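The values are calculated or read from the model by the stated rules, or taken from the named source; none is laboratory data. In this text the structure is predicted, and so the values were computed from the model without any measurement. For neighbour counting, all protein chains shown are included, and Cβ atoms are generated from backbone atoms with ideal geometry for every residue, glycine included. Accessible surface areas use protein heavy atoms only, side chains included; no ligands, DNA or RNA. Shrake-Rupley method; radii C 1.70, N 1.55, O 1.52, S 1.80 Å.
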Amino acid sequence: MVANFTLGFASHRTLFTVLWIVGFVSLFAWQRNLIDGFWAVKVNSEMEIPVLRPAVFNLTDFGGVGDGRTLNTAAFEKAVAAIAKLRGKGGGQLNVPAGEWLTGPFNLTSHMTLFLAENAVIFAIQDEKYWPLMPPLPSYGYGREHHGPRYGSLIHGQHLKDVIITGHNGTIDGQGEVWWQKHRQRALNYTRGPLVQIMWSSDIHISNITLRNSPFWNIHPYDCKNISITNVTILAPIYGAPNTDGIDPDSCEDVLIENCYISVGDDGIAIKSGWDQYGIAYGQPSSNIVMRNLIVQSNVSAGISIGSEMSGGVSNVLVENVVVWNSRRGMRIKTAPGRGGYVRHITYRNLVFDNVRVGIIMKTDYNEHADDGYDRKAFPVIGNISFIGVHGRGVRVPVRLHGSDDIPLRNITFKDMSVGITYKKKHIFQCAYVQGRVIGGIFPAPCDNLDRYDEQGNLIKRSISQNITDIDYDF
């Protein structure tokens, strides 16, 4: 499949190397800046080097057997308990050696490193009776897929500090096929659990591992601060693996996601912050998020999404040096009446779309709700969003900006855009209820809703009407 990548690179690893080389070297101080009229978030790439743990254990020290058949839940639990006793002394590292380690869900502890050796594979047990039930997330109401409790994640943690999941590209395999099938058959009574979920925690670092075949979302940090996810590969079938989002920062602050390859059955990355009235009441936004040097494939959803569960607000996001290929959508912002909240100060820079049906889409009528108790007049505020350096080929609809009278899109900017198209219909830069500007020449020609400026910032042509509607979902 990678061999067919039309940019002509031999593999996604080659493309990733080139993309990394041409990427910007940014600074890692979380802040918002206004540069040349564009909102941007700066981060410092010099991450703090984790202190080596004073104690190191092997899973085999606690009776672990890596034969792919023996259940190792108790071994993981004993190992974590041993490390928990060392929290006051700097914690400990748990090494998972090469082998196939079948386990049920287990919890992590603070000041812990989980290290997966080369050829180490942690397999999730498929029998749902081993998966504990947990209360629904407070910002989602009664439940995400079903009212009531939800299944926990395979690797879980709450109220933690200083947790590292890393290795020599070892693998965590959720064996999600059974879960996907039961979900399609409506044979599950509870919401499926993610592969890795860390909640109400800080200083979480995930790197140099592969995650595959999650039952549900892959990595789900919830209401966390200071998170880095780097050099991670996330895989699921691009069809038939429902809701296998790659990374979903949810009501999180200070997040760095970089140098990752993601090919999954739903959104590659989706920034969230709660659902309708429950997310509004919880009131925890997602902010200060940087995503860079990424290759993403999503054949049924989008490479990178914001929403649709964004009721706590999303702000100060930078997306740069990203390739989306063989996908249904490239960049997507989705919301609806009843969500409330806001999406603001978002900068997209250096994007490449290759064989993507819709390159950039903002959708304000994504009417999926937690329940019927949402406020019909809770309209989200969408604005201050910039797209700088957008290129590609094989794109059917480069831009679709679908605002509404209740949810207009404000201060949307395009600069340096050239996207090869596959559909020679007149209206392929589609707009409705949009206010913004185009700086310099772009291709394809923008909609009439946007003001036109030259490269020096001089106004050339004022918008005819920001409320012109030119949305066509038939192609």
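Okay, residues lined up against (1) more than 15 Å from Ser301 (Cα to Cα); (2) outside any loop (DSSP other than H, G, I, E, B); (3) of a type in the set (Gly, Ala, Ser):
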residue	(1), (2), (3)
Ser214	yes, no, yes
Pro221	yes, yes, no
Tyr239	no, no, no
Thr244	no, no, no
Scan region 210-218 and give yes if some residue there is under 19 Å from Leu71 (Cα atoms), buried (at least 24 other Cβ atoms within 10 Å of the Cβ) and touching a Lys or Arg at 6+ places or on another chain (Cβ under 7 Å), otherwise no.
yes
Just a yes or no: is a residue in region 130-145 surrounded by fewer than 23 Cβ atoms within 10 Å (Cβ to Cβ) and more than 30 Å from Gln277 (Cα to Cα)?
yes
All positions within region 262-287 that are over 22 Å from Thr230 (Cβ atoms) and either touching a strand residue (DSSP E or B) at 6+ places or on another chain (Cβ under 6 Å) or assigned to a strand (DSSP E or B) (or both)
Ser273, Gly274, Tyr282
Asn367 - would you say it is more than 18 Å from Arg344 (Cβ to Cβ), part of a loop (DSSP other than H, G, I, E, B) and open to solvent by less than 70 Å² (accessible area, probe 1.4 Å)?
no
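A quick yes/no check of all residues on (1) under 18 Å from Asp267 (Cα atoms); (2) buried (at least 20 other Cβ atoms within 10 Å of the Cβ):
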residue	(1), (2)
Trp325	yes, yes
Tyr342	no, yes
Val352	yes, yes
Val356	yes, yes
Met362	yes, yes
Gly373	no, no
Pro380	no, yes
Ser386	no, yes
His391	no, no
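Is it the case that Gln175 is open to solvent by 40 Å² or more (accessible area, probe 1.4 Å) and assigned to a loop (DSSP other than H, G, I, E, B)? Can you show your working first?
Numbers: open to solvent by 40 Å² or more (accessible area, probe 1.4 Å): yes; assigned to a loop (DSSP other than H, G, I, E, B): yes.
Answer is yes for this residue.
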